[in-house]
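The values are calculated or read from the model by the stated rules, or taken from the named source; none is laboratory data. Small disclaimer: the values here were computed from a predicted structure and weren't measured. Note: ideal-geometry Cβ built from the backbone for every residue, glycine included; neighbour counts use all protein chains shown.
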Amino acid sequence: MRDEKVARALHEPYDALLVNEQVTYPGFMALTHVKILEVFPFHEPTHPRPLAAQHAARLSLVLLLLFCAQGFARAGDAPSAFEQANKLYEQNKFAEAADAYEKILGNGQGSSALYFNLGNALFKSGRLGRAIVNYRLAEQLAPRDPDIRANLRFARNRVEGTNTPPSKWWRRGIGRLTLNEWTALMTAVLWLWLILLTLAQWRPALKKSLRGYTTAAGAGTALLAACLALACYDRFEVRSAIVIAREAEVRYGPLDDSHSFYTVRDGAELTVLDAKGDWFQVTDRARRTGWLRREQVFLFRGAPGSSSSS
């Protein structure tokens, strides 16, 4: 959960509905500081070790201390960098704040709060497509967060020349949980079913009374397995292209000399059908199929318009 929220009023009239809040980032590497004595307890040796072994042990201990100190320093720098990025946002330096958030992500430290704040900074700096990318990344990590869903919906409504179609009912359903949550839920019900089957074999007298529970657990396992399969398919097999250029031409073929078919704006979300060199074959909700240059879009795993349109 987020520890603290810093809310600011929005200046532009059309931004009145945007959830404009900065979230403090959870502490990084909270367990970095480890007592050395617990990892390597010191015992007085019964017999003196050779001098070379003593030097090697001391060198290993020094290297371990340096490694721990370096990790501790990184852990302390990360929240500080996040706070500095938040201050830049509060000072209306949105482009600089976005660069600061991206620098934190470049260190491999991502979270729903960080993606959400980066999306806000990108939105305020006019980079609508990149804002939608980060809102969707935040939504994958926290699919039930109302602020993330509201901002993603609001950003999608700002895309020129397109209306995001409503998600299919099954996508709205599986979008309520993360992949890890679906996996944990299915595994728990599967174990319950196996335990009931084992108990029925071990105690035949209970077989009749457990029949209903066993059937329900088996059906639940099958249903949850199907939901997990759909979630995996939607995450890893379906790809969407989010336009990050101000304007992009969808062409009839994967060549710069091909005739223009139609134009898409920053933030438009298209389904990817194929890839060829530096081009993606895409289709929009009107089923118009054409080719877009790779550098004009961000390739995202997941269907266009998923989850938040519910």
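Tabulated results
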{"read-out": "Among residues of the range 217-251, those that are free of Cβ contacts under 8 Å to residues at least 40 places away in the same chain and either among the hydroxyl-bearing types (Ser, Thr, Tyr) or in a helix (DSSP H, G or I) (or both), counted", "value": "11"}
{"read-out": "Odd one out for LEU197 among (1) surrounded by fewer than 16 Cβ atoms within 10 Å (Cβ to Cβ); (2) touching a Ser or Thr at 6+ places or on another chain (Cβ under 7 Å); (3) under 22 Å from PRO143 (Cβ atoms)", "value": "(3)"}
{"read-out": "Any chance ARG172 is of a type outside the set (S, T, N, Q), in contact (Cβ under 8 Å) with a residue 24 or more places away in the chain, under 23 Å from ALA142 (Cα atoms) and not in a helix (DSSP H, G or I)", "value": "no"}
{"read-out": "Residue check, VAL159 under 16 Å from GLU269 (Cα atoms), modelled with pLDDT of 95 or more and either among the aromatic types (Phe, Trp, Tyr) or crowded, with 19+ Cβ neighbours inside 10 Å (or both)", "value": "no"}
{"read-out": "Residues (free of Cβ contacts under 8 Å to residues at least 60 places away in the same chain and in a strand (DSSP E or B)) located in the range 252-275", "value": "SER260, PHE261, TYR262, LEU270, THR271, VAL272, LEU273, ASP274, ALA275"}
{"read-out": "Flag for THR198 being over 15 Å from TYR233 (Cβ atoms), of a type in the set (S, T, N, Q) and at pLDDT 80 or above", "value": "yes"}
{"read-out": "Check on GLN109, surrounded by 14 or more Cβ atoms within 10 Å (Cβ to Cβ) and outside any helix (DSSP H, G or I)", "value": "yes"}
{"read-out": "Every residue from the range 228-266 that is surrounded by 18 or more Cβ atoms within 10 Å (Cβ to Cβ) and either under 21 Å from LEU141 (Cβ atoms) or aromatic (Phe, Trp, Tyr) (or both)", "value": "LEU228, ALA231, ASP234, ARG239, SER240, ILE242, ILE244"}
{"read-out": "Test: ALA150 is on the phi < 0 side of the Ramachandran plot, of a type in the set (A, V, I, L, M) and surrounded by fewer than 20 Cβ atoms within 10 Å (Cβ to Cβ)", "value": "yes"}
